[in-house]
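Structure record follows, encoded as structure tokens.
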Amino acid sequence: MPLLNKREYEKKMPWRDATIFIIVCEGSHKEPESFSFFHLLTKSIKVIAVPSSEGRSSPTHLIPNAHQAIEKHNSDDGDFELWFVIDVDRWKGQIHELQQEALQKGWNVAISNPCFEVWLNDHFASPMPPAENDESCKSWKAHVHQQHGGFDHTKHQTYLARAIENARAKFSENGYIPDIGKTQVFRLGKRIFKLTEEELKKYYNKVY
């Protein structure tokens, strides 16, 4: 399902009943760039990607970021969904606290093991894990860059449907922690795809 030539899309003004996704990210660049692609892609969606700041990327540091984002955007029209997008990587010991906070507040948590590159890798056809040391985030980062020429944040999100299918097909978890090489981000992807499917079709020469 090859991409058409990269097309410029026009950001649309949201309707008053647009669904608003506040996505609190562990990363400061990569994750926010990925999700910002979908902001106002259609009138029915707004995506507020909240990066980590000042190197404070642990799960417990992300909770204040969530509260600040809600306070800032709670006057926007529409229904809110709040998601944390985090990695297992270094923070496994703090994930339980974040899960408990999210459960109490009705928030969502999407974890990748060991890192976000697992989700990026799922956007490609027949994604494979690194040949060696697939528990290492460094290995996954190098794998996505070297095997696929790098993830292009201006176009590869149009493969969202394929990423969801790839991630869901191989998914397994232990409790609320995905197994190594697995990611829960497809659950957030499904929510976004439901609202952007018609627009994403314009990027392909074949309909989903």
Where Cys137 falls short, out of the listed (1) under 17 Å from the mean Cα position of the chain (by Cα); (2) within 25 Å of Ile48 (Cα to Cα): (2)
Test: Ala163 is surrounded by fewer than 15 Cβ atoms within 10 Å (Cβ to Cβ) and of a type in the set (A, V, I, L, M, F, W, C): no
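Condition check ((1) modelled with pLDDT of 90 or more; (2) part of a loop (DSSP other than H, G, I, E, B); (3) of a type outside the set (Asp, Glu); (4) surrounded by 14 or more Cβ atoms within 10 Å (Cβ to Cβ)) across all residues:
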residue: Arg7; (1), (2), (3), (4): no, yes, yes, no
residue: Arg16; (1), (2), (3), (4): no, yes, yes, no
residue: Val24; (1), (2), (3), (4): yes, no, yes, yes
residue: Phe35; (1), (2), (3), (4): yes, no, yes, yes
residue: His39; (1), (2), (3), (4): yes, yes, yes, yes
residue: Lys46; (1), (2), (3), (4): yes, no, yes, yes
residue: Ile63; (1), (2), (3), (4): yes, no, yes, yes
residue: Glu71; (1), (2), (3), (4): no, no, no, no
residue: Phe80; (1), (2), (3), (4): no, no, yes, yes
Restricting region 90-116 to residues that are surrounded by fewer than 17 Cβ atoms within 10 Å (Cβ to Cβ) and either of a type in the set (Asp, Glu) or in a loop (DSSP other than H, G, I, E, B) (or both), the residue that is modelled with the highest pLDDT: Gly106
Flag for Pro130 being in contact with a His (Cβ under 7 Å, 6 or more places away or on another chain) and more than 27 Å from Lys194 (Cβ to Cβ): yes
Some residue of region 147-158 being at pLDDT 95 or above and not in a loop (DSSP other than H, G, I, E, B): no
Pair list, Cβ under 6 Å, 6 or more apart: region 43-60 residue within 16 Å of Leu82 (Cβ to Cβ), other residue modelled with pLDDT under 80 and surrounded by fewer than 20 Cβ atoms within 10 Å (Cβ to Cβ): Lys46/Pro14; Pro59/Trp91
Residue satisfying all of: in region 117-143; crowded, with 23+ Cβ neighbours inside 10 Å and among the aliphatic types (A, V, I, L, M); farthest from Gln184 (Cα to Cα) among these: Leu120
Number of the exception - Gly150 against (1) over 22 Å from Ala110 (Cα atoms); (2) touching a residue at least 60 places away in the same chain (Cβ under 8 Å); (3) among the small types (Gly, Ala, Ser): (2)
Residues within region 168-195 that are over 19 Å from Phe124 (Cα atoms) and part of a helix (DSSP H, G or I), tallied: 3
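The values are calculated or read from the model by the stated rules, or taken from the named source; none is laboratory data. All values derive from a computational prediction rather than experimental measurement. Cβ atoms come from the backbone with ideal geometry, glycine included; neighbour counts cover every protein chain shown.
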